[in-house]
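K.L.:
I'd like to ask you about the structure that follows.
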Amino acid sequence: VNSIEEVIKEAKLCNSKGMGITGGDPLTKVNRCVDYIKALKNEFGKKFHVHLYTSFILVNEENLKKLYEAGLDEIRFHPDFKNKTNWNKIDLARKFKWKIGIEIPCIPDLRNETLEVIEFFKYKVDFFNLNELEAADSERNMVFNMGYKSKDTYSYGILGSEELAFEIMKKYGKSKLNIHFCTSKLKNIEQLGNRIKLRAENIKQHFDKVTKGGSLIRGAIFTEKPSFNYTKLLKLKNKELEIKKLEELKNKICTDLKIKNKDLVIDQIKYRLLTYKKIVIKNKLKLKKMNLFPAIVEELATGDLFEIETEFL
């Protein structure tokens, strides 16, 4: 997204009841944060919940006041485990009537430092969020070279992170501390997965089949067979020109193959035509004779329609 209008549209597509602001550190662009918070609150009302993640580095009373007056409901801090210089800035946040949390990853070999964080902040915040440490695809080799291991073949979670979280929760189980643990599975399958399912219901065409996982199965007609980097090449095309070509093609296909106009939709993201799966199967030979590429695609209901599988007929 590149504008407030696009954020509002995305929130509507996902049936969102709130948003989280993260980064990098959002306080490097605090005025932008303020503009977005005000706009979303104005659009969806005060009950639209907004929380923000930040370190303590750029925290000052002026920044916090701006965020609070804009309508921020909750602020979550990421303290530096090994540098306590800014930890006392938590007292600045406590001057405002919002929810305050500490959110940290459970790093297996930083057990003592993790407990130190909890002990320092336990009477100063409303809750603690412990996140399972993960190794992203792009960083796996680096993480493993640091001595960490994946907890199993298919997981992003790091071995020992979950165990440390359970140890901490057990230690503080009888206290009144509000401590939560977010696993990598919860984050990736449940939180992200549920958002995509909601989005699928809002963006689906009448001919799409929505799977249990929230992906869309549909028929597609390509004007050229996609290469491995075709999503990058799409950005180089003239959108106005491509859509005009597709409008002409749509009219021709509807006339020649006797397809209802409403059953053939122009995809303005990937410059192709979308329709029923059964229509591309039934007309595959005729479409090929027109130098077109009929296919059955399965893709996620994300903004970029991330492809899971494409089967050319």
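The values are calculated or read from the model by the stated rules, or taken from the named source; none is laboratory data. Please read these numbers as outputs of a predicted model, since none were measured by experiment. In this analysis, Cβ positions are derived from the backbone assuming ideal geometry, glycine residues included, and neighbour counts consider all displayed protein chains. What goes into the accessible areas is simple: the full protein's heavy atoms, side chains included, and nothing from ligands, DNA or RNA. Shrake-Rupley method; radii C 1.70, N 1.55, O 1.52, S 1.80 Å.
K.L.:
For the pairs Lys46/Lys235; Lys197/Lys239; Lys29/Lys176; Lys197/Lys270; Lys9/Lys260, note any where the Cα-Cα span goes beyond 31 Å.
P.N.:
In this structure, Lys46/Lys235; Lys29/Lys176 exceed 31 Å between Cα atoms.
K.L.:
So for segment 175-313, considering every pair of alpha-carbon atoms, how many percent are separated by more than 27 Å?
P.N.:
It works out to 28 percent of all Cα pairs.
K.L.:
Then there's this: How about Lys289: which aspartates and glutamates have a C-alpha closer than 14 Å to its C-alpha, ignoring those fewer than 8 places off in the same chain?
P.N.:
Result set, ordered by chain and number: Glu224, Asp256.
K.L.:
Taking the simple approach of a point 7 Å from Cα along Cα-to-Cβ for both Glu309 and Ala39, what is their distance in nm?
P.N.:
Label-label distance for Glu309 and Ala39, simple model: 3.9 nm.
K.L.:
Same structure again: Given +1 on the Cβ of Lys and Arg, -1 on the Cβ of Asp and Glu, and no further charges, what dipole in debye does the chain carry about its Cα centre, rounded to the nearest 20?
P.N.:
The calculation lands at about 1300 debye.
K.L.:
Let me ask you something else. Classify segment 234-299: rounded, prolate or oblate, from the alpha-carbon gyration tensor (a ≥ b ≥ c, eigenvalue square roots; a/c under 1.5 rounded; otherwise prolate if a/b is larger than b/c)?
P.N.:
Note, shape of segment 234-299 comes out prolate.
K.L.:
For segment 93-109, just list the computed ³J(HN,Hα) in residue order, Karplus coefficients 6.51, -1.76 and 1.60, θ = phi - 60°, integers in Hz, with x standing in for Gly and Pro.
P.N.:
5, 6, 7, 10, 8, 9, 7, 10, x, 10, 10, 9, x, 8, 9, x, 8
K.L.:
Same structure, new question: Would you mind working out the magnitude of the charge dipole of segment 116-222 relative to its Cα centre, with +1 at each Lys and Arg C-beta and -1 at each Asp and Glu C-beta, to the nearest 20 Debye?
P.N.:
Taking the Cα centre of segment 116-222 as origin, the dipole is about 460 debye.
K.L.:
When the dipole is taken about the Cα centre of segment 1-93, and only Lys, Arg (+1) and Asp, Glu (-1) are charged at their Cβ, what size is it in debye, to the nearest 20?
P.N.:
Details: 15 positive and 13 negative charges, 32 e Å.
Here the size comes out at about 160 debye.
K.L.:
Separate question: Counting other Cβ atoms within 10 Å of each Cβ, which chymotrypsin sites (Phe, Trp or Tyr not before Pro) in segment 215-313 have at most 14 and sit in a DSSP loop?
P.N.:
For chymotrypsin sites (Phe, Trp or Tyr not before Pro) across segment 215-313 that sit outside H, G, I, E and B with at most 14 neighbouring Cβ atoms in 10 Å, the list reads Phe228, Phe306.
K.L.:
Another question, if that's okay. Determine the alpha carbon to alpha carbon distance for each of Lys237/Lys258; Lys122/Lys170; Lys38/Lys66 and list only those over 19 Å.
P.N.:
Check vs 19 Å cut-off fails for Lys237/Lys258.
K.L.:
Also, quick follow-up: Please list, by residue number, every one of the trypsin sites (Lys or Arg not before Pro) in segment 161-249 that is coil in DSSP and has at most 16 other beta-carbon atoms within 10 Å. Don't skip to the end; give the middle numbers.
P.N.:
On the way: sites: Lys170, Lys171, Lys174, Lys176, Lys185, Lys187, Arg195, Lys197, Arg199, Lys204, Lys209, Lys212, Arg218, Lys232, Lys235, Lys237, Lys239, Lys244, Lys245; in loops: Lys174, Lys176, Lys204, Lys212, Lys235, Lys237.
Passing both the DSSP loop test and the Cβ count: Lys174, Lys176, Lys204, Lys212, Lys235, Lys237.
K.L.:
Which three lengths, in whole Å and largest first, does segment 9-155 cover when its Cα atoms are put on their principal axes?
P.N.:
47, 38, 24
K.L.:
So, one more: How tilted is helix 161-171 with respect to the longest principal axis of the chain? Cα atoms for both, answer in degrees (0 to 90, nearest 10).
P.N.:
It works out to around 40 degrees.
K.L.:
Taking a label point 7 Å from the Cα of Glu190 along the Cα→Cβ vector, which residues of segment 62-102 have an amide N closer than 15 Å to it?
P.N.:
none
K.L.:
Next question. Roughly what angle does helix 111-121 make with the longest principal axis of the chain, taking Cα atoms, 0 to 90 degrees, to the nearest 10?
P.N.:
It is inclined by approximately 70 degrees.
K.L.:
Quick one: pull the percent of accessible area on the chain belonging to carbon and sulfur, 1.4 Å probe, ligands and nucleic acids left out.
P.N.:
Values: 9600 of 18620 Å².
Ligands and nucleic acids excluded, carbon and sulfur reach 52 percent.
K.L.:
Quick one: length gained pulling Thr85 to Asn60 fully straight, 0.36 nm per residue minus the C-alpha distance?
P.N.:
Between Thr85 and Asn60, full extension yields 7.6 nm more.
K.L.:
Sticking with this structure for a sec: Mind jotting down the three principal axis lengths of segment 154-226 based on Cα atoms? Whole angstrom, largest first.
P.N.:
So the extents along the principal axes, rounded to whole Å, are 61, 25, 15.
K.L.:
Now, a different point. Which one of Gly213, Ser150, Leu110 has its Cα pushed farthest toward the positive end of the charge dipole of segment 78-226, where Lys and Arg give +1 and Asp and Glu give -1 at the Cβ?
P.N.:
Working it through, the farthest residue towards the positive pole turns out to be Gly213.
K.L.:
Still on this structure, please answer the following. Evaluate Rg over Rh across the chain, taking Cα atoms for both radii and Kirkwood's formula for Rh.
P.N.:
On the way: Rg = 24.5 Å, Rh = 23.0 Å.
A ratio of 1.07.
K.L.:
Calculate the spin-label point distance for Ser227 paired with Asn129, positioning each point 7 Å from the Cα along the beta-carbon direction, and give it in nanometres.
P.N.:
4.2
K.L.:
Between Leu257 and Lys149, what is 0.36 nm times their sequence separation minus the Cα-Cα distance? Round to one decimal in nm.
P.N.:
So the chain would gain 33.3 nm between Leu257 and Lys149.
K.L.:
Now for a different question. Please give the contour-minus-distance gain from Glu6 to Lys204: 0.36 nm per residue of separation, less the Cα-Cα distance, rounded to one decimal in nm.
P.N.:
Extra length available between Glu6 and Lys204 comes to 69.4 nm.
K.L.:
Another question, if that's okay. Suppose we look only past 19 Å in the calculated P(r) of segment 94-205. What percent of the Cα-Cα pairs does that tail hold?
P.N.:
Of all Cα-Cα distances in segment 94-205, 55 percent exceed 19 Å.
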